[in-house]
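*Asks:* Pasting a structure below so you can have a look.
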Amino acid sequence: MPFVKTHRENGFSDAARSYQIFVDGEKKAEIRRASTVEFFVPVGFHRIFLKLDWCGSNEIEFNIKTEETIEFDCGNNTKIFLELYYVLFAPKDYLWLKKRS
């Protein structure tokens, strides 16, 4: 079975909050700080992104095959004192999502 595995960094920002993981517009999981989640996706082409309230991440397209596991890393783009900028002017860049090589 094909799986998606997502790892979240151990950052200070949003430490007490979970990020929601969406695949093809459907919420698949929530991930907390310094943790990893894994979930099944059907074989084929998909889009994945993260959400936290009205903010989010970039969207990544991927194609998964039978018995394959695709891994992603995620975290928060904000630096101290820049949270307000991201929330007001760049909400889609508040979080980051990268596919592992």
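No lab work stands behind these numbers, since they all come straight from the coordinates. Quick caveat: nothing in here was measured; it's all calculated off a predicted structure. Positions of Cβ are backbone-derived with ideal geometry, glycine not excepted, and every protein chain shown enters the neighbour counts.
*Asks:* Relative contact order for the chain: what is it in percent, counting Cα pairs under 8 Å that are at least 6 residues apart?
*Replies:* On the way: 232 pairs, mean separation 30.9, N = 101.
Computed over the chain, the figure is 31 percent.
*Asks:* If one computes P(r) from the Cα atoms of the chain, what percent of pairs lie at distances over 15 Å?
*Replies:* Details: 2991 of 5050 pairs.
Here the tail beyond 15 Å accounts for 59 percent of pairs.
*Asks:* Counting every Cα pair in segment 32-76, what percent are over 12 Å apart? Write out the running numbers ahead of the final one.
*Replies:* On the way: 672 of 990 pairs.
Percentage above 12 Å: 68.
*Asks:* Further question: Using 0.36 nm times the number of residues separating E26 and F40, minus their current alpha carbon distance, what extension gain do you get?
*Replies:* Between E26 and F40, full extension yields an extra 3.8 nm.
*Asks:* Run down the lysines and flag those whose C-alpha is under 23 Å from the C-alpha of K5, throwing out any fewer than 8 positions away in its chain.
*Replies:* The qualifying lysines are K27, K28, K51, K65, K92, K98, K99.
*Asks:* For segment 60-101, what class follows from the C-alpha gyration tensor (a ≥ b ≥ c being the square roots of its eigenvalues): rounded when a/c is under 1.5, otherwise prolate if a/b is larger than b/c, else oblate? Could the numbers behind the result be given before it?
*Replies:* Working: a/c = 5.88, a/b = 2.91, b/c = 2.02.
Taking the square roots of the gyration eigenvalues as a ≥ b ≥ c, segment 60-101 is prolate.
*Asks:* OK, next. What residues from segment 54-72 fall in the zone where the backbone N is under 14 Å from a label point 7 Å along the Cα-to-C-beta line of W96?
*Replies:* In segment 54-72, the label zone of W96 (backbone N under 14 Å from the point 7 Å along Cα→Cβ) covers 57-59.
*Asks:* Tell me, what HN-Hα J-couplings in whole Hz come from the Karplus equation 6.51 cos²θ - 1.76 cosθ + 1.60 at θ = phi - 60° for each residue of segment 27-41, using x for Gly and Pro?
*Replies:* So the J values, rounded to whole Hz, are 5, 9, 6, 10, 10, 9, 4, 6, 9, 10, 10, 9, 8, 6, 9.
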